[in-house]
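Student: Please read through the structure below; I'll follow up with questions.
The values are calculated or read from the model by the stated rules, or taken from the named source; none is laboratory data. Note that the coordinates shown come from a computational prediction; the quantities given were computed from them, not determined experimentally. Here the Cβ positions follow ideal geometry from the backbone for every residue, glycine too, while neighbour counts run over all protein chains shown. Keep in mind that these areas ignore ligands, DNA and RNA; they rest on the heavy atoms of the full protein, side chains included. Shrake-Rupley method; radii C 1.70, N 1.55, O 1.52, S 1.80 Å.
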Amino acid sequence: MLLKFEGHQELYAMEQTLMALLPEERPVYEGNDPNRAVITLRQSGNHAEAVTEMLYQGHTGRGEAARELSGTDYEQEGQRRRLLQMSFFKAAREAAGLTPPWGSLTGVRPDKTAVTALDLGDSPEEVRRMLEDEYFVTPRRARLATETACVTRRVREDLGPKDIALYVGIPFCPTRCAYCSFVSASVERSFHLVEPYLTALKAEISSAGKLCRELGLRVRSFYMGGGTPTTLSAEQMDGLLGGLADSFDFAACCEYTVEAGRPDTVTPEKLRVLKNRGVTRISVNPQTMEDRVLDAIGRRHSAAQIFSAMEQAAEAGFEHVNMDLIAGLPEDDPEGFRRSLDACIALGADNITVHTLSLKKGSRITLEGLRIPSAEAVGEMLDYADPTLRAAGYGPYYLYRQKYMSGSFENTGWCKPGAENLYNIYIMSELCSILSCGAGGSTKMVGGPGRISRVFNLKYPVEYTSRPGKISENQAAFAAFYQNAAASLSSSAPERETEGD
């Protein structure tokens with residue numbers, strides 16, 4: 001779609017809005033695309049109004065939104081952005097005849113608006129009505145956002161200004177899944193990189209632990225992801241976890257999670273190592289329990305191996321077990337998804353995350369044009385998941401969206417009471433800083449609303465092992481953040497209009 005701006009340059013916000021509402025469209029800024037939108041912002045004093053005029057597949061639409069601006073410059077900037085997004089939504093709804101499940105909310109965190117409203121004193125019921133009436137969110141999604149917002153606020157109360165989460169990344173997998181665009185390497189092709197990578201990783205962990213001690217930071221949650229951490233041998237995993245224990249004080253850590261995502265990498269020996277090293281939660285992530293779908297996405301294991309891995313996890317005695325499913329995978333259908341979800345519930349996982357397929361640019365699904373279920377079929381899958389999980393005793397606890405999602409739906413984490421994976425809440429709701437170690441890691445430094453900084457490790461294992469100076473640079477930035485911004489770590493009450501990040 002051809003986008004033209006008048007009176008503003010909110011390029012990123014409008015691109016995100018376009019892709020959330022019309023995910024089949026891509027923004028362009030010159031040419032003769034028949035689909036086009038002119039988005040105009042006008043301001044006189046404190047009064048601002050936005051107008052979008054759209055032509056989409058031969059149909060026209062016009063959207064208007066206006067308000068009196070208030071608050072700080074930062075808050076007014078958010079209010080103007082919100083007006084632009086609302087005008088675009090109204091125009092798209094008229095031109096395309098669409099009613100998206102999240103209404104006019106387009107950000108990664110659709111429950112952010114609900115958190116803000118609760119902070120301002122609204123009741124959960126008032127928040128639900130506000131999401132439906134002001135943002136045109138469907139009743140089911142308004143309920144989801146309100147419930148996860150309540151969990152976020154409860155978890156937030158237990159965090160201090162120097163509490164952080166720690167992430168360690170293992171960028172190796174048995175094979176690369178068709179939907180994946182993460183930077184990870186097949187162990188078959190990169191076995192020679194594993195030991196050098198672990199040597200560099202242990203060095204980074206050692207210096208990161210020293211830095212945390214010097215800054216007086218407390219690790220409240222640990223998460224090892226990837227890739228697939230359990231591609232490591234039992235001996236390699238034991239050495240890595242031992243190095244972590246030597247480098248960090250985990251006395252205040254509420255949870256210790258390691259992804260054992262691929263069932264074909266799970267062995268009793270590895271699970272014993274994890275258990276002996278104090279791991280409290282593992283993830284066995286099938287994505288589907290249908291063999292034909294596993295084959296289509298490039299997995300080399302069967303559904304039977306998933307059952308076996310879960311049996312081994314139960315025998316090992318882990319306190320919590322996560323499982324992930326993806327709605328919308330190639331060759332799947334609503335019946336197959338229902339069977340997959342029912343199997344995960346029957347296996348006893350106390351934490352089940354239901355993702356919606358996101359079409360990543362570098363994934364094999366996109367590059368090869370693999371056949372995937374329609375948005376309507378994905379909607380059927382999610383419509384089954386919500387009431388089925390609730391009936392089985394699960395409740396939603398975290399929520400987020402991604403670009404290019406089938407049907408513009410969402411990813412939702414569900415768990416039994418008391419089984420929340422805190423790391424998921426911390427990172428998605430930006431409740432505390434996340435210190436990341438390993439290739440592709442993203443360290444997020446949180447200092448309150450609107451005060452978030454990021455530094456990124458080198459993506460590829462070869463780069464990571466050969467450039468230790470980048471690690472030192474990132475850790476210096478992390479230290480500077482806490483040394484220079486410690487006084488501003490307490491949060492102030494934000495304005496209501498916070499959607500769009």
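Student: May I ask you to give the solvent-accessible area per residue for the range 224-313, in square angstrom, as obtained with a 1.4 angstrom probe? Each step should come with its number before you reach the end.
Tutor: Values: 3090 Å² over 90 residues.
I get 34 Å² per residue for the range 224-313.
Student: Using the Karplus curve 6.51 cos²θ - 1.76 cosθ + 1.60 with θ = phi - 60°, what ³J(HN,Hα) values do you get for each residue of the range 339-345, in whole Hz, with x for Gly and Pro?
Tutor: Along the range 339-345, the couplings run 4, 5, 5, 4, 5, 4, 5 Hz.
Student: Further question on the same structure: Would you work out if the range 151-272 is rounded, prolate or oblate? Take a ≥ b ≥ c from the square roots of the eigenvalues of the alpha-carbon gyration tensor; rounded if a/c is under 1.5, else prolate when a/b is larger than b/c, oblate otherwise.
Tutor: Numbers: a/c = 2.01, a/b = 1.54, b/c = 1.31.
It is prolate, given that a/c is not under 1.5 and a/b is the larger ratio.
Student: Once Rh for the range 256-346 is found with the Kirkwood sum over Cα pairs, what is the Stokes-Einstein diffusion coefficient at 10 °C and 1.306 mPa s, in µm²/s?
Tutor: Values: Rh = 13.4 Å.
Using the Kirkwood radius from Cα pairs, D works out to 119 µm²/s.
Student: Out of all DSSP beta bridges in the chain, what portion is antiparallel? Express it as a percent rounded to 5. All intermediate terms of the calculation are to be shown ahead of the outcome.
Tutor: Working: 35 of 73 bridges.
Around 50 percent of the beta bridges assigned by DSSP in the chain are antiparallel ones.
Student: Can I ask one more? Compute the FRET efficiency between Thr72 and His47 as 1/(1 + (r/R0)^6), taking r as their Cβ-Cβ distance and R0 = 22 Å, and round to the nearest 0.05. Could the numbers behind the result be given before it?
Tutor: On the way: r = 18 Å, r/R0 = 0.80.
So, using R0 = 22 Å, E works out to roughly 0.80.
Student: Starting from the amide H of Ile297, placed 1.01 Å from N in the peptide plane, find each other amide H under 5 Å away whose residue is 5 or more places distant or on another chain.
Tutor: none
Student: Mind checking Rg over Rh on the range 219-298, alpha carbons, Kirkwood formula for Rh? The partial results should precede the final answer.
Tutor: Values: Rg = 14.0 Å, Rh = 13.5 Å.
With Rg and the Kirkwood Rh in hand, the quotient comes to 1.03.
Student: Ala346 to Asn484: FRET efficiency via 1/(1 + (r/R0)^6), r the Cβ-Cβ distance, R0 56 Å, to the nearest 0.05? Mind showing how you got there, number by number?
Tutor: Working: r = 52 Å, r/R0 = 0.92.
Calculated transfer efficiency: 0.60.
Student: At 1.4 Å probe size, put Phe89, Phe250 in order of accessible surface, largest to smallest.
Tutor: Values: Phe89 5, Phe250 45 Å².
Ranked list, largest accessible area first: Phe250, Phe89.
Student: Given an 8 Å cut-off on Cα distances and at least 6 residues of separation, report the relative contact order of the range 232-309 as a percent.
Tutor: On the way: 73 pairs, mean separation 26.3, N = 78.
Relative contact order here is 34 percent.
Student: With every protein chain left in place and a probe of 1.4 Å, what is the accessible surface of Glu380, to the nearest 10 Å²?
Tutor: 100
Student: Still on this model: Keeping all protein chains in the complex and leaving out DNA, RNA and ligands, what accessible area do you get for Ile345 with a 1.4 Å probe, in Å² to the nearest 10?
Tutor: 40
Student: With only Lys, Arg, Asp and Glu charged, each at its Cβ (+1 for the first two, -1 for the last two), find how big the charge dipole of the range 268-412 is about the Cα centre; round to the nearest 20 debye.
Tutor: Details: 17 positive and 20 negative charges, 149 e Å.
Roughly 720 debye, rounded to the nearest 20.
Student: Ordering Arg451, Arg82, Arg42 from largest to smallest accessible area (1.4 angstrom probe), what's the sequence? Present the calculation step by step, with values, prior to reporting the outcome.
Tutor: On the way: Arg451 90, Arg82 20, Arg42 125 Å².
Result, largest first: Arg42, Arg451, Arg82.
Student: With a 1.4 Å probe and all protein chains kept in place, how much accessible area does Ser247 have, in Å² rounded to the nearest 10?
Tutor: In the full protein context, Ser247 sits at about 10 Å².
Student: Using a/c under 1.5 as the rounded threshold, could you call the range 276-429 rounded, prolate or oblate? The axes a ≥ b ≥ c are square roots of the C-alpha gyration tensor eigenvalues, and prolate needs a/b larger than b/c, oblate otherwise.
Tutor: Working: a/c = 1.60, a/b = 1.34, b/c = 1.19.
It comes out prolate by the Cα gyration axes.
Student: Applying the Karplus parametrisation 6.51 cos²θ - 1.76 cosθ + 1.60 with θ = phi - 60° to the phi angles of the range 213-224, what ³J(HN,Hα) value in whole Hz is obtained for each residue in order, glycine and proline being reported as x?
Tutor: Here the 3J(HN,Hα) series is 4, 5, 8, x, 8, 10, 7, 9, 8, 10, 9, 10 Hz.
Student: Could I ask something else about it? Out of (i) 80, 57, 45; (ii) 79, 52, 51; (iii) 65, 54, 46, which label holds the value of Cα extents along the principal axes in Å that was computed here?
Tutor: It is the value labelled (iii).
Student: Check Gly261: other-chain or 5+ apart residues with amide H under 5 Å from its amide H, H built from backbone geometry?
Tutor: Thr230, Asn285
Student: Near Val38, within a Cβ-to-Cβ distance under 11 Å, what is the net charge of the other residues, with Lys and Arg +1 and Asp and Glu -1? Mind showing how you got there, number by number?
Tutor: Values: positive: Lys4, Arg36, Arg62; negative: Glu6, Glu53.
Counting the neighbours of Val38, the net charge comes to +1.
Student: Which order do you get for Leu11, Leu271, Leu98 if you rank them by accessible area with a 1.4 Å probe, largest at the top? Don't skip to the answer; put the middle values down first.
Tutor: Numbers: Leu11 70, Leu271 5, Leu98 30 Å².
Descending accessible area places them as Leu11, Leu98, Leu271.
Student: I need the phi-derived Karplus couplings for the range 157-170: 6.51 cos²θ - 1.76 cosθ + 1.60, θ = phi - 60°, integer Hz, Gly and Pro marked x.
Tutor: 5, 8, 9, x, x, 10, 8, 9, 10, 10, 10, 10, x, 10
Student: Once you put a point 7 Å from the Cα of Glu6 and another 7 Å from the Cα of Asp249, both along the Cβ direction, what distance in nm separates them?
Tutor: For the pair Glu6/Asp249, the computed spacing is 6.1 nm.
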